Amino acid sequence: MAVTASPERDIVATPVQRATREALYAGAIVLGLFVLFIGLKTDQNISNELILVQRWWLLFAVVVLTMVGRFVYIAHGQPFLAKQKIADIATGLLPDTVATRFFRLPYFIAAIAIVAVLALLAGSLDALLGPGLAGYARFARALAIIYALASVLFYFRSFIHAHFSALGIAALATYPVIVVLVLALYSGSMAGGFQGSLKWIDNFGIQILIYVMLAWGLNIVVGLAGLLDLGYVAFYAVGAYAYALLGTQYGLSFWILLPAAGAMAAFWGVMLGFPVLRLRGDYLAIVTLAFGEIIRLVIINWREVTNGSAGISGIPKVSFFGLMSFNVSDPNYIAKVLDIAQSGAYYKIFLYYLILGLCLLTAFVTIRLRRMPVGRAWEALREDEIACRSLGINTTTTKLTAFATGAMFGGFAGSFFAARQGFVSPESFIFLESAIILAIVVLGGMGSLVGIAVAAMVMIGGTEALRELDFLKQVFGPDFTPELYRMLLFGMAMVIVMVWKPRGFVGSREPTAFLKERRAVSGSFTKEGHG
Amino acid sequence: MSDASPSMNEAILQVEHLSMKFGGLVAIGDLSFQARRGEITALIGPNGAGKTTVFNCITGFYKPSEGMLTLNRRDGSSYLLERLPNHEIPARAKVARTFQNIRLFSGMTLLENLLVAQHNKLMKASGYTVLGLFGFSGYRTASAESIDLARHWLEKANLVDRADDPAGDLPYGAQRRLEIARAMCTGPELLCLDEPAAGLNPKESMALNELLMDIKDNTGTSILLIEHDMAVVMQISDHVVVLEYGRKISDGSPQAVRTDPRVIAAYLGVEDEEVETVLTEVGDEDVIEQLDTGPDSAHGPGTSSSYLAGPVTDTVGHSEGERVTVSRGASKAGQVDARSSAAAKPASPTKAKPKAKPAGAKSSAAKPTTKAATKSKTPGVTNRRGGRK
């Protein structure tokens, strides 16, 4: 034999062999993970004693399912993906060809047809199919709607990419109008349209926009200046309580108290800034975290002023610049002035546009500041503080302005929050809020306004949307409450995004000045800052 | 002294009796030198000699333990650098610096790097952000001017084609040039460069030399640089200060410093045998002149923590009273001095004896003495020296 192949080279595991091995590993890991979670369950018996329920069959089923899944993926899924060239080897992302195969006109027409049929039958689904199947039908309808929307987005992708900000602002500005009109068509009357729009405008629109504003405010501190702030919610609380206390005690208008709340939050931003000037990284994060807790505990315990955990209620509503009021009993109630039907939706729509305006103000100021020396100094501070000092930049004032500006927008958002809720209590300003806002900033891509807005929409809108999935109850039984799983999904989404795009949705950085052409700076060059 | 001391306005930077102590470690001990306006002054010395510490003191990153750093600006005002806060040294005293390990804003474009350097000017023009936020025209013109200045320095550094690329994307040599361009955008009167040629290939080194000469000739900015690349130092510098273990061992023109035996010893180290040859060479007139530049062990002011107070034990009286020893006999220049004074023993035995004895820590004190005694030239050196004082 002329060819003498070494024995090691001959042993190339076939996919089936590899899959068997991987399946065994996966099964072992799952067994180890779930033996206590699923295999055993604590319960109470009739005489209220704690007993252990053994569920070995369930555990066995889970382990076998995992092994089968892993086996099928390695033995068939991976070779199939490789053959179809679905995943791009270099980037791990889906190439364009797959998307064009996935979004096709016939599929789109089919999706539209499914949506149309199921929407027409919406009222009689339960009667036709029974509650169980009707649940699946609604799920299919939701998927078809998502698919249809995704197809439209995909078809116009280059246009959307080119005009993303303008389209986004236009969509946000027309959102309440569209919601009201669609619901009015659906219910057959304008009043029904307004009534139905409450949930969509308040729970989705306003809620998301508050978080967009908070995240854009925190973006100044974390994304631009690179100072990791875990206590941002403290400024939100300061703004909310400033409006709640001054509004209820002195009856001052929202339009006076909005700047006052911003100024007060900015003041506390500077107060926080001074002691933490010398701290960096983890130490800074811990101190800001403590600051957030201090503010919350002061609010809880300073009962004479803040009414403790009971909170402050009866916070005055925002007026339409003093011209029209949203209180039914007032003589200048909006419905009376404009001579239209009475509805609570006007206030929500007004609040929606108010928070949209505040968000746009935040974005405008951030964009403007980035092109000014102070904004560049913030980013330079994130990149290298020592170099900043060697160039004559006063890092003390630069850090303090970053804290103050970020806190000011937190204060604005806080006073808006108080006006919208009509009630504030320390419950709203827990550490989890800071963590969510920070998560939105990191997910969106630090420093990028568009990415952060998208992240807020996905995270807040997504968790709100889970509340809407009532049909899942029919699938999984009446005990199933989808909103309990939203934090799980929140975490999963974060893990997935961080694995695929470690720098967030928009990892690149837009330069603030250019000589010849503006080119985005890849995220691999920018630094996160060291505190 | 061989150098005629320059008049006050001629010296842009005067370092007087600078000491920097970290706990018990004396990084710089009683260092004094001057950097003259419009010249390139090089600060050289072996690794760990305290060069970067001197820079950090000058640019305010360290507060010196003792001493005075005076910067005289062109308009006649002068600043005591040790009293200014860190960021005001570039802003008010107009001292800019670069770093040994390059510190660029790597995620920002080249242009942005240079615009950040013009922060204070632009801050003023934008009315501390307020006017600029509302789009007043004053800021817009200032902004356009700052971009023109940045373009000017990018052209000088030969980087204008890459102005819109992130700084972290540049090759090493270009990053060095960009850092210098960034420092120049602050409009400095004294530019402090910490090893600008480190890690550069000969071609890049040439480009750097041209840039530095251009800065010196066309902007009137004086340059103080730390450098290990002797080709660069000898080619461009007008004045060289040599440090070893935080003490100045030589000070003068590049040619003079090059032949200074203490400098040679500091860089190359001295074996017992080589001391002979070094000392023999020392015998010629030029080098003797050089040896006279500073106060020497035998006749200098002496008792304090002055740089050659104890060349043999390398012991420094510390302010807290503890005694700090920088590894016995570590200073090579000190050894040369010690040996020359040991060699002078026959001429002035009483003075030299206490100094010479610990010098023998390396071998025996007597050995160089006896050998030196056979050489007729060496006692002459000491005589002349003593005579001149």
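Checked against the criterion of being in contact with a Ser or Thr (Cβ under 7 Å, 6 or more places away or on another chain) and either modelled with pLDDT of 75 or more or surrounded by 13 or more Cβ atoms within 10 Å (Cβ to Cβ) (or both), region A:470-486 has at least one qualifying residue. Just one of the listed residues (B:Arg182, B:Arg140, B:Arg176, B:Arg151) is closer than 23 Å to A:Phe525 by Cβ and open to solvent by 40 Å² or more (accessible area, probe 1.4 Å), namely B:Arg151. Checking each residue in region A:382-409 for being more than 26 Å from A:Ala265 (Cα to Cα) and among the hydroxyl-bearing types (Ser, Thr, Tyr) picks out only A:Ser390.
The number of residues in region B:122-173 that are of a type in the set (D, E, K, R) and over 20 Å from A:Arg518 (Cβ atoms) comes to 4.
On the stretch given as region B:177-200, residues that are assigned to a helix (DSSP H, G or I), out of contact with any Phe, Trp or Tyr (no Cβ under 6 Å at 6 or more places or on another chain) and within 14 Å of chain A (Cβ to nearest Cβ) total 5. A search for C-beta distances below 7 Å between a residue of region A:373-397 that is more than 8 Å from chain B (Cβ to nearest Cβ) and farther than 12 Å from A:Ala225 by Cβ and any residue that is charged (D, E, K, R) and surrounded by 24 or more Cβ atoms within 10 Å (Cβ to Cβ), counting only pairs 6+ apart in sequence or on different chains, returns nothing. Flag: B:Ala144 does not match the condition of being within 23 Å of the chain's Cα centre (by Cα) and more than 10 Å from every other protein chain (Cβ to nearest Cβ).
Determine whether region A:91-105 contains at least one residue that is loosely packed, with under 12 Cβ neighbours inside 10 Å and modelled with pLDDT of 75 or more. The answer is yes; a qualifying residue exists.
Is it the case that some residue within region A:154-170 is surrounded by 14 or more Cβ atoms within 10 Å (Cβ to Cβ), within 17 Å of A:Phe350 (Cα to Cα) and of a type outside the set (Val, Ile, Thr)? Checking region A:154-170: not a single residue is surrounded by 14 or more Cβ atoms within 10 Å (Cβ to Cβ), within 17 Å of A:Phe350 (Cα to Cα) and of a type outside the set (Val, Ile, Thr).
Residues that are at pLDDT 85 or above, over 32 Å from the mean Cα position of the chain (by Cα) and surrounded by fewer than 19 Cβ atoms within 10 Å (Cβ to Cβ) do occur in region A:304-315, at least one of them.
Report yes if A:Gly422 is on the phi < 0 side of the Ramachandran plot and more than 9 Å from chain B (Cβ to nearest Cβ), otherwise no. Spelling it out, it is not the case that A:Gly422 is on the phi < 0 side of the Ramachandran plot and more than 9 Å from chain B (Cβ to nearest Cβ). Would it be correct to say that B:Gly132 is outside any loop (DSSP other than H, G, I, E, B), surrounded by 23 or more Cβ atoms within 10 Å (Cβ to Cβ) and at pLDDT below 85? Against the criterion (outside any loop (DSSP other than H, G, I, E, B), surrounded by 23 or more Cβ atoms within 10 Å (Cβ to Cβ) and at pLDDT below 85), B:Gly132 qualifies. Open to solvent by less than 30 Å² (accessible area, probe 1.4 Å) and either part of a helix (DSSP H, G or I) or free of Cβ contacts under 8 Å to residues at least 60 places away in the same chain (or both), is that true of A:Ile286? In short, no. Every condition in (1) exposed (fewer than 13 other Cβ atoms within 10 Å of the Cβ); (2) closer than 26 Å to A:Leu466 by Cβ; (3) of a type in the set (A, V, I, L, M, F, W, C) holds for A:Leu128 except the one numbered (2).
When the helices (runs of 4 or more DSSP H) confined to region B:27-122 are screened for residues that are more than 11 Å from chain A (Cβ to nearest Cβ) and out of contact with any Gly (no Cβ under 8 Å at 6 or more places or on another chain), those reaching at least 1 such residues are found at B:51-58.
For (1) more than 29 Å from A:Pro275 (Cβ to Cβ); (2) open to solvent by less than 50 Å² (accessible area, probe 1.4 Å); (3) part of a helix (DSSP H, G or I), each residue gets a yes or a no:
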{"residue": "A:Ile295", "(1), (2), (3)": "no, yes, yes"}
{"residue": "A:Ile300", "(1), (2), (3)": "no, yes, yes"}
{"residue": "A:Val318", "(1), (2), (3)": "yes, yes, no"}
{"residue": "A:Ser329", "(1), (2), (3)": "yes, no, no"}
{"residue": "A:Val337", "(1), (2), (3)": "yes, no, yes"}
{"residue": "A:Ile349", "(1), (2), (3)": "yes, yes, yes"}
{"residue": "A:Tyr352", "(1), (2), (3)": "yes, yes, yes"}
{"residue": "A:Leu356", "(1), (2), (3)": "yes, yes, yes"}
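Tallying residues that are assigned to a helix (DSSP H, G or I), open to solvent by 30 Å² or more (accessible area, probe 1.4 Å) and aliphatic (A, V, I, L, M) within region A:494-531 yields 5. Considering (1) open to solvent by less than 70 Å² (accessible area, probe 1.4 Å); (2) in contact with a Gly (Cβ under 9 Å, 6 or more places away or on another chain); (3) of a type in the set (D, E, K, R); (4) farther than 16 Å from A:Tyr232 by Cα, the lone condition that A:Arg280 does not fulfil carries the number (1). As for region A:441-450, it holds no residue that is under 22 Å from the mean Cα position of the chain (by Cα) and under 30 Å from A:Ser325 (Cβ atoms). Considering region A:185-229, and only residues there that are of a type in the set (S, T, N, Q) and in contact (Cβ under 8 Å) with a residue 40 or more places away in the chain, the residue that is nearest to A:Tyr353 (Cα to Cα) turns out to be A:Gln207. A:Phe431 passes every criterion in (1) touching a residue at least 12 places away in the same chain (Cβ under 8 Å); (2) out of contact with any Lys or Arg (no Cβ under 9 Å at 6 or more places or on another chain); (3) open to solvent by 30 Å² or more (accessible area, probe 1.4 Å) apart from (2).
Tell me, yes or no, whether region A:288-300 has at least one residue that is among the charged types (D, E, K, R) and closer than 18 Å to A:Gly226 by Cα. The answer is no; no qualifying residue exists.
The values are calculated or read from the model by the stated rules, or taken from the named source; none is laboratory data. Since the structure is predicted, the reported quantities are computational estimates derived from the model, not experimental observations. No Cβ is skipped: glycine too gets one built from the backbone with ideal geometry, and neighbour counts run over all protein chains shown. Heavy atoms of the whole protein, side chains included, go into the accessibility calculation; ligands, DNA and RNA do not. Shrake-Rupley method; radii C 1.70, N 1.55, O 1.52, S 1.80 Å.
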